[in-house]
Every structure is written in C-alpha cells, then in structure tokens.
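Read the structure below first, then the notes.
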Amino acid sequence: MSSLRPVGALAGRDVRAVLGSAFGSGLAAGFAALSGVLLILDLRGNQARLDTWFAALFVALGLLAALLTMRSFAEAERTGELELVLTAPLHTWQIVVGKFVGAVVVLAVMLVCTAGCPLLVATMGSPDAGPIITGYVGLVAVGMAFVAAGLAISATTPNPLVSAVGTAGVLLGLWFGGLLGGGLTGRPKVVLDALSPATHVTGYLRGTLGIADACYFLSFAALGLGTTALVLRWRR
C-alpha cells in the first residue's frame, strides 16, 4: 500500500491543479456546452435515442484528451516541475500511473457534466437505458485509452501545443482511418478496422459490451502507458 501512496498524491495534486484552475473550469464548461449542442442537433429528428450523440462525443474525447494531457508532462517540463518529479525518489511506474489516474479522474468529472443530456431526453420520451449505460461505459473506456496515448506524446516534447496537436492528430487519424477502411476491401480494410477505435465502439452504441472491444481499449491504454514509461526512463 505504501507504494500506492505516491500515486494517489500525484494524481490528487493533478486533479486539484486542473479542476481548480480557469483552464480546467473552462474546459469542463466547454465540453458540457458542446454536449448540449450535439444533443440539440441529434434531437432534430424527434427521436428519443442517443447513439448519434454518443458517437459524436467519442470523437470529441480525442480533443479533450489532447488538451488534458498536454499539461501532464509538456507543460510540467516548461515550468520546471517535471525535473522535480523525475528526480524524486519515485519509480517510473508510480509517476506514469499517478499522471494517468489524475487525468482519468478529471475526464470522468467532465463526463459527469454531460449527464444532464440523457436526463433531458428521458423527460421527452422513453429512451432505452441499455445503450445509455453502455454508451457511458464506452466513453470511459475510450477516454482511458486516449489519455494514455496523450501521456505518451506529452512525455516526448516540452511544448504543450505540440503535445496537444500531436495527440489530436494521432487519435483523430486513427479514428477516421477506420471510417476510411469502410470503403476498402481486402487486407487494408482488415488492418484499418483492427487499428481504429471507430470500429470498436459500435457495440457500446448498440447497448452491448464485447470482450474483444474491451481488450482493444485495454491494450491501447497499456501500449500508451508502456510507451510513456519507456520515454521517462530514457529521460531519467
């Protein structure tokens, strides 16, 4: 348990730093506003269903993760905080997990800010609760994977802007690569479908939880965290 205390302390400090700042408050408000706008667009068809709304939020998570993680290492290096963290008597895995948990907690808080949208739809009709529940499970799974990827990119550069743009570019590229694969055949289609997050959220949108999809996002997150650890070990 003592080895987990630094993880909790590092995560808690990051959560307080983000949510207690104008940046964090503005990001939460902006994400909540975006979810409201997407809901209005989704309800123009007068249907009490939210699959299109969730699908749009999955894409928005790529941008949110990029903005959250750009401060994790890139901003910390610019301010000199990263040097203190790397020279502290902490294992590399404690730093990586602490940063990851902190970013995921902040992301979860921002997802909670969108809960009013399904509640509003429930007052207008009788939406199926299953896809709503699995939709939020999917948002958490996708968010964790995207945060891990963002941390890996943030650890490679001292420039927060480069980190944010690089993360958004990689995640959106992977996402739309799957959509591109829908128009292809043969091996290119198989490869793009396997690599793209877009092809692994269909079950969440339809109200089902698949083991293959869960394993994909867990592997995605593990790869991101492993890459982050390797970069930090090299820098230490």
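Based on the convex hull around the alpha carbon atoms, the chain presents an average projected area of 13.9 nm².
Can you sort Leu232, Leu84 so the residue with the fewest Cβ neighbours within 10 Å comes first? If you can, show how the numbers build up before the last one.
On the way: Leu232 21, Leu84 10.
The order, fewest Cβ neighbours first, is Leu84, Leu232.
Cα axis of helix 129-154 to longest principal axis of the chain: angle in degrees, 0 to 90, nearest 10? For 129-154 against the chain, the angle is about 30 degrees.
Taking the average, over residues, of other Cβ atoms within 10 Å as the packing measure, peptides 51-58, 125-132 rank 51-58, 125-132 from highest down.
Per-residue 3J(HN,Hα) values for segment 192-203, derived from phi via the Karplus relation 6.51 cos²θ - 1.76 cosθ + 1.60 with θ = phi - 60°, read 5, 5, 6, 8, 7, x, 4, 7, 10, 10, 4, x Hz in sequence order (x marks Gly and Pro). Across the chain, C-alpha contacts under 8 Å between residues 6 or more apart give a mean separation that, scaled by the residue count, equals a relative contact order of 28 percent. Treat the count of other C-beta atoms within 10 Å as a stand-in for reagent exposure and order Ser163, Ser35, Ser154, Ser21 from fewest to most. Ordered by Cβ neighbours within 10 Å, fewest first: Ser21, Ser35, Ser163, Ser154.
Seen from Gly12, the other residues with C-beta closer than 14 Å to its C-beta sum to a net charge of +3, counting Lys and Arg as +1 and Asp and Glu as -1. Along segment 24-37 the Karplus relation, 6.51 cos²θ - 1.76 cosθ + 1.60 evaluated at θ = phi - 60°, assigns HN-Hα couplings of x, 4, x, 5, 5, 5, x, 5, 5, 5, 4, 5, x, 5 Hz to successive residues, with x for each Gly and Pro.
We did not get these values from a lab; they are worked out from the coordinates using the rules stated. Predicted model only: the values in this text are computed from it and were never measured. Positions of Cβ are generated from backbone atoms using ideal geometry, with glycine treated the same way; all protein chains shown enter the neighbour counts.
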